[in-house]
Amino acid sequence: MHLDPMMVPITGAIFLVLFLGLLLRQLGQPAAIGYILGGVILGQHGLGVFTNDESLSRRGAIGLLLLLFFVGMELSPREFLRRWKIPVFGTLLQILGSVLFVGVIGYLFDWPFPRILLLGFVISLSSTAVVIKLLQDRNELNSALGQGVVGVLIVQDIAVIGMLLCISALSGDDLGLAGLISEGVGALFCVGVVVVLVKREGQFSFSFLTRFVNDAESQVFLALLICFGAALLVGFTGLPVALGAFLGGMLVHSARETHWVHERLEPFRIVFVATFFVSVGLLLDLQFLMDNWQEVGILLMGVLFTNTFINALIFRGLGDTWSGSIYSGALLSQIGEFSFVLVGIGLNKKFIAEFAYQSTLAVIVLSLILSPLWIMFIRRLTVGRNPKIAA
């Protein structure tokens with residue numbers, strides 16, 4: 001019997017990812033951390049099982065689209081606009097604080113403005129997948145504190161789109177008149193979609209489709225078509241496809257009788273988001289980390305402390321208690337999954353050199369791995385003494 005040579009590494013990889021995911025869950029940590037560790041072990045700098053990570057990275061990109069699609073499905077446009085001040089102002093202040101922090105460092109080392117802005121954007125983003133999982137495991141997702149943190153995460157995910165546009169503008173890409181018109185039309189279209197969704201939330205119906213697509217197999221493809229069709233439609237205008245996936249999720253949330261979309265796509269989301277985190281682990285160069293562990297360690301601690309401090313001050317300034325603010329700041333202390341996209345673009349645009357890219361990559365990966373322990377420590381100092389904080 002012919003045995004495909006890829007069967008052994010794929011089976012071994014699935015076993016390792018499953019084992020690490022279960023182990024991390026038993027330790028009270030998000031399974032995503034296990035997926036990253038699996039990628040580190042399996043990558044070319046580990047056991048060398050996967051030396052070409054391009055295909056995994058492409059599947060990981062699909063995972064990010066599905067992640068934003070699900071974020072859109074969780075967001076009520078009308079409810080979000082009713083409570084928009086804290087997440088919007090909080091996120092804008094946090095991004096500004098991160099850019100200013102990097103700006104001080106950049107001033108000392110004479111960095112150009114594009115590099116300062118890029119790295120400020122990178123450290124300002126937190127991990128939606130990790131934080132929401134931690135809140136769910138501790139039954140804090142629906143608490144006032146949890147909703148405030150989730151609101152900031154949602155606005156951060158939306159802000160990625162603006163960050164991508166800023167980076168594109170700073171890189172000097174000449175869109176031409178046709179490109180500018182296309183992006184302008186796309187932006188107006190997206191704004192129009194949001195306005196319609198806010199005004200007619202709960203009034204849309206997919207019943208005309210589900211009459212014909214009423215079996216599980218067909219609904220899987222219809223749900224995928226909604227996600228990727230919306231992403232493709234927006235992508236044709238020159239805007240990031242992630243925005244289209246997010247708007248597609250908002251459309252699903254605003255429509256009636258669409259619970260099946262979540263049910264049909266949940267397994268795909270799990271697999272592709274896990275693939276994304278595995279591909280993240282593949283990127284970590286262990287030799288680089290060992291050679292530069294002091295610099296990476298200092299940067300890592302600086303990021304965790306700085307993000308916690310900046311976010312804590314913002315939540316406190318917006319009316320939260322000190323204990324709740326510090327815990328919320330710790331929850332948002334790690335660097336998120338979309339930062340990998342930004343730093344990769346920064347390398348391609350030559351905003352940063354290879355050394356800075358590898359250093360930033362190592363800090364992002366380690367912040368994702370170690371932040372749950374940091375959050376647990378801060379939680380014991382704050383919420384552990386007063387459980388009402390997270391109620």
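For (1) surrounded by fewer than 16 Cβ atoms within 10 Å (Cβ to Cβ); (2) modelled with pLDDT under 90; (3) not in a helix (DSSP H, G or I), each residue gets a yes or a no:
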position	(1), (2), (3)
GLY329	no, no, no
GLY336	no, yes, yes
GLY344	yes, yes, no
LYS350	yes, yes, yes
VAL383	no, yes, yes
ILE389	no, yes, no
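Only residues that are surrounded by 19 or more Cβ atoms within 10 Å (Cβ to Cβ), β-branched (Val, Ile, Thr) and over 13 Å from the mean Cα position of the chain (by Cα): list them for segment 100-134, please.
VAL102, ILE116
Within the set of pairs 6 or more residues apart or between chains, which connect a residue that is in contact (Cβ under 8 Å) with a residue 60 or more places away in the chain and farther than 17 Å from LEU342 by Cα inside segment 98-127 to a residue that is among the β-branched types (Val, Ile, Thr) and assigned to a helix (DSSP H, G or I) with Cβ atoms less than 9 Å apart?
PHE101/ILE123; PHE101/THR306; PHE101/ILE310
Can you go through GLY229, GLY249, GLY281 and tell me which one is closer than 25 Å to VAL194 by Cβ and in contact with a helix residue (DSSP H, G or I) (Cβ under 6 Å, 6 or more places away or on another chain)?
Details: GLY229 fails: in contact with a helix residue (DSSP H, G or I) (Cβ under 6 Å, 6 or more places away or on another chain); GLY281 fails: closer than 25 Å to VAL194 by Cβ.
From the options GLY229, GLY249, GLY281, the qualifying one is GLY249.
Those residues that are touching a residue at least 24 places away in the same chain (Cβ under 8 Å) and part of a loop (DSSP other than H, G, I, E, B), I need them from segment 23-44; list them, please. So that I can check it myself, show each step before the final result.
So in segment 23-44, the residues touching a residue at least 24 places away in the same chain (Cβ under 8 Å) come out as 28-33, 35-44.
Once the filter is applied, which keeps residues that are touching a residue at least 24 places away in the same chain (Cβ under 8 Å) and part of a loop (DSSP other than H, G, I, E, B), segment 23-44 yields GLY28, GLN29, PRO30, GLY43, GLN44.
Which condition does ALA245 not pass, out of (1) modelled with pLDDT of 80 or more; (2) over 23 Å from VAL341 (Cβ atoms), if it passes all the others?
So ALA245 meets the others, but not (2).
Only one residue in PHE80, PHE50 is modelled with pLDDT under 80, aromatic (Phe, Trp, Tyr) and within 23 Å of the chain's Cα centre (by Cα). Which one? Write out each step before concluding.
Values: PHE50 fails: within 23 Å of the chain's Cα centre (by Cα).
Among PHE80, PHE50, only PHE80 is modelled with pLDDT under 80, aromatic (Phe, Trp, Tyr) and within 23 Å of the chain's Cα centre (by Cα).
Answer with yes or no whether VAL193 is closer than 20 Å to VAL261 by Cα, surrounded by 14 or more Cβ atoms within 10 Å (Cβ to Cβ) and at pLDDT below 75. Break it down into steps so the answer makes sense when it comes.
Working: closer than 20 Å to VAL261 by Cα: yes; surrounded by 14 or more Cβ atoms within 10 Å (Cβ to Cβ): yes; at pLDDT below 75: yes.
Answer is yes for this residue.
Under the condition of being closer than 18 Å to PHE377 by Cα and touching a residue at least 12 places away in the same chain (Cβ under 8 Å), which residue from segment 135-148 is surrounded by the fewest Cβ atoms within 10 Å (Cβ to Cβ)?
Once the filter is applied, the top-ranked residue is ASP137.
Quick one: VAL273 ticks every box in (1) surrounded by 18 or more Cβ atoms within 10 Å (Cβ to Cβ); (2) more than 30 Å from LEU22 (Cα to Cα) except a single one, so which number is it?
(2)
Considering each of ASP285, ASP291 in turn, give the residue that is free of Cβ contacts under 8 Å to residues at least 60 places away in the same chain and surrounded by fewer than 23 Cβ atoms within 10 Å (Cβ to Cβ). Full working, then the answer.
Details: ASP285 fails: free of Cβ contacts under 8 Å to residues at least 60 places away in the same chain.
So the residue among ASP285, ASP291 that is free of Cβ contacts under 8 Å to residues at least 60 places away in the same chain and surrounded by fewer than 23 Cβ atoms within 10 Å (Cβ to Cβ) is ASP291.
Regarding segment 354-361, can at least one residue be identified that is in contact with a helix residue (DSSP H, G or I) (Cβ under 8 Å, 6 or more places away or on another chain), buried (at least 21 other Cβ atoms within 10 Å of the Cβ) and among the small types (Gly, Ala, Ser)?
The answer is no, given that none of the residues of segment 354-361 is in contact with a helix residue (DSSP H, G or I) (Cβ under 8 Å, 6 or more places away or on another chain), buried (at least 21 other Cβ atoms within 10 Å of the Cβ) and among the small types (Gly, Ala, Ser).
The values are calculated or read from the model by the stated rules, or taken from the named source; none is laboratory data. Since the model is a prediction, treat every value here as computed from it, not as a measurement. In this analysis, Cβ positions are derived from the backbone assuming ideal geometry, glycine residues included, and neighbour counts consider all displayed protein chains.
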